[in-house]
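Remarks on the structure that follows.
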């Protein structure tokens, strides 16, 4: 079958099918959004302390956190999700997916924060200590406020990655957007193109809007005089 | 007999294989203003950083008001010793006022209102009342350094350490900072200053200490060192320096 | 463990892995050079026997024997893993193929894309749209579109030799295409970023000396840009190694597929997925180690911030 025939085949009937099933898409999108939100949250809660440890930790704490991070970052998310659900038996699938995506995100967010912390000049920490602040207070009140602002671009990138990775939760049967699309495709196989294109479009709109949103946020919290 | 405010006793410090400080000993009484001079790499900055334990000594001892600095809690020590940096190191994400209130609130446990009041007063004392709400990036070099001084002074330290406070400034901005330092000396603050500004040394210093290659070569009142030094090295270095930075 | 010892251990482990991997593949491709095709190099039987013996000792010791019990479990997992290693090696081979082809073809496509993005007028918008769309949608969705929505699999399958002998079946080619397109979009951005990371004064100076625009780019800008891009390429390589696992969704029998199949037949999910993780981590660390070596070989002080120095003292 030649390309023109293919386009003709993607007739109104199949787009109509997509429109009629829009609730499916809405449900799947909502699930994807929830997955992304909770995974990012878990990633932040675990990743920020991990990043601080990697930047400031002693030999032993670093000796634990670093290799752990390397292993998690070197394992495909598909394997992490499968381990969480099938091997460790975390249930239901939504929780397993959130846990898996969260752990992966934590490993990557720790790198974002570590890099941002290291980019804050050491003179800031010195001045804080010279005034008499304890190391912990110095990190909390001087280094982190600056580091967090510098983490925004990396965070933006990570968000896009996590949102797209939610599609892999398909592997353990989570009814997120891509799985719903696949299910629709199995109902009406001629609508394959329309269904997957529609899903892709939704993902694209999501990443696009959130990226622009984060950029706005970045401008708002910027330190006057530059973030560099 | 009371202890000297600062007693540096036979201090040695090394960085890896390299000896940075070798057998440095001197004392400072209250209200003394001592200036540390010497060629680059002679260990002057390291000496300052040893006093507030930003760097650790390898041998010897340093005492503040009779207590070894290694017997005191390190944050306690740093409350009593103020430091002004060559690169200012102002907290980039805080306004000038907030730079000063941070230490007051977190280290001295001041309440919000008292902290702001004290900080505002301190900034006014260095001539920066209008700049209280500006961020460091919006200030000139001289203004930044004066905020640095205010930040250190607000903690009511017993001793102020100045690490080449004007070296990073454009020539026309050096004057405003030196003036603040002179006033401080007049008011009786005990100061240990590393600088090349010989004019300041001649006018305000009680003693000048010449460091070379990690060793304290000579110390004495400015007139003695400038006009009648004991060592040739001292004479050579100071005359070179006066040509570049002298007379202000 | 000191830095140097860490490196030695890492290099030792990687060398052992690749030695085994190559020997395994060679053996199975040429119909059983060392051992019969598909049979593990090292007999798992003794290890399994050891596992049972240790476990008996553990139960004998009671509570004190719990750590001994762990050793028994580890031996048990090990003997189990040994039986499946030949299958996993075949899968890992496809992973390597998918990754290398994906990144190489992706580079070929990325260069004109980056050029259009930086220098084009109309083409700038086309390239930008393509890059944004590919980067803004999941790789898995892209694979689904290529495999299920388009008749590509059918077309490729119709090509002679596909699927027979050494030539991989059509699903693999569809996957390669998917990875190529995806990687090209990312690589184009990395290339663009690294070209823009070279100070414009460099090209100006080159022109001032008399070089043409093209020569200026070729001899002055590109050598610097390519070094700046090394960390990004390392990232891309690691990404492809890991996300090649998605090809299992479109029936490609790469490493994850092989592990899944084995796991569903004996339900030993933990052992097998952990083994999969180990192999992936080995592949990833191989990639990063190689790129690190490349970086050091081509490093120039002050260029790309990667030469270990920090610029003028």
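Just so it is clear, none of the values below were taken in a lab; they were calculated from the coordinates. Just so you know, these numbers come straight off a predicted model, no measurement behind them. Cβ atoms come from the backbone with ideal geometry, glycine included; neighbour counts cover every protein chain shown.
When you count the other C-beta atoms within 10 angstrom of each residue and take the mean per peptide, B:100-109, C:25-34 line up highest first as B:100-109, C:25-34. Once divided by 2.2 N^0.38 Å, the Cα radius of gyration of region A:66-122 becomes 1.35. Going from the residue with the fewest nearby Cβ atoms within 10 Å to the one with the most, C:292, B:17 rank B:17, C:292.
Rounded to the nearest 10 degrees, the angle from helix A:192-221 to the longest Cα principal axis of chain A is 20 degrees. Here the residues A:220, B:233, C:192, ranked from fewest to most Cβ neighbours within 10 Å of their Cβ, fall in the order A:220, B:233, C:192.
Annotation: Cα Rg of the protein assembly as shown relative to the compact-globule expectation 2.2 N^0.38 Å equals 1.20. Taking Cα atoms only, the orientation of helix C:44-61 departs from the longest principal axis of chain C by about 60 degrees. Computed FRET efficiency, Cβ-Cβ of residue C:41 and residue C:104, R0 30 Å: what is it to the nearest 0.05? After rounding, the FRET efficiency stands at 0.45.
The fraction of Cα-Cα pairs per 5 angstrom bin, counted from 0 for region A:98-177, comes to 3, 14, 20, 16, 13, 11, 8, 6, 5, 3, 1, 0 percent, rounded to whole percents.
Spatially, region B:212-236 and region A:63-121 are offset by 62 Å when compared through their Cα centroids. Computed from the C-beta positions of residue B:87 and residue A:183, the FRET efficiency with R₀ = 41 Å rounds to 0.10. Per-residue mean of foreign Cβ neighbours for B:124-137 is 1 (Cβ atoms of other chains, 10 Å radius). The angle between the Cα long axis of helix A:93-119 and the main principal axis of chain A comes to about 40°, on a 0 to 90 degree scale.
Under a Gaussian network description of chain A, with springs only between Cα atoms under 10 Å, the residue in A:18, A:64, A:90 that fluctuates furthest is A:64. Using only alpha carbons, chain B has a radius of gyration to Kirkwood radius ratio (Rg to Rh) of 0.96. With Cα atoms as the point set, chain C shows a radius of gyration and Dmax of 24.3, 85 Å.
Rounded to the nearest angstrom and listed largest first, the equivalent-ellipsoid semi-axes of region B:169-225 from its Cα gyration tensor are 21, 15, 10. Spacing of the modelled spin labels on residue A:216 and residue C:235, each 7 Å from Cα toward Cβ, amounts to 2.6 nm. A simple spin-label model places pseudo-atoms 7 Å from Cα toward Cβ; at residue A:140 and residue B:215 they are separated by 4.9 nm. Between residue B:232 and residue C:74, the FRET efficiency estimated from the beta carbon spacing at R0 = 60 angstrom works out to 0.20.
The mean number of partner chain beta-carbon atoms within 10 angstrom of a residue's beta-carbon across peptide B:82-93 is 6.
Per residue of C:254-262, other chain Cβ atoms within 10 Å of the residue Cβ number 2 on average.
If you build a Gaussian network model of chain A, linking Cα atoms that sit under 10 Å apart, which residue out of A:80, A:168, A:187 swings the most? Taking springs between Cα atoms under 10 Å, the residue moving most is A:187. One compactness figure for chain A is 1.26, namely its Cα radius of gyration divided by 2.2 N^0.38 Å. Taking each residue as 0.36 nm, the span from residue A:68 to residue A:122 lengthens on full extension beyond its C-alpha to C-alpha distance by 16.8 nm. Protection proxy ranking, highest mean first, for peptides A:135-144, C:70-79: A:135-144, C:70-79, where packing is the per-residue count of other beta-carbon atoms within 10 Å, averaged. Sorting C:57-66, B:157-166 by their mean Cβ neighbour count within 10 Å, with the most densely packed peptide first, gives B:157-166, C:57-66.
Shape analysis of region B:136-248 based on the Cα gyration tensor places the equivalent ellipsoid semi-axes at 26, 16, 12 Å, largest first.
For the residues B:93, B:196, B:12, a GNM of chain B with alpha-carbon springs under 10 Å puts the largest fluctuation on B:93.
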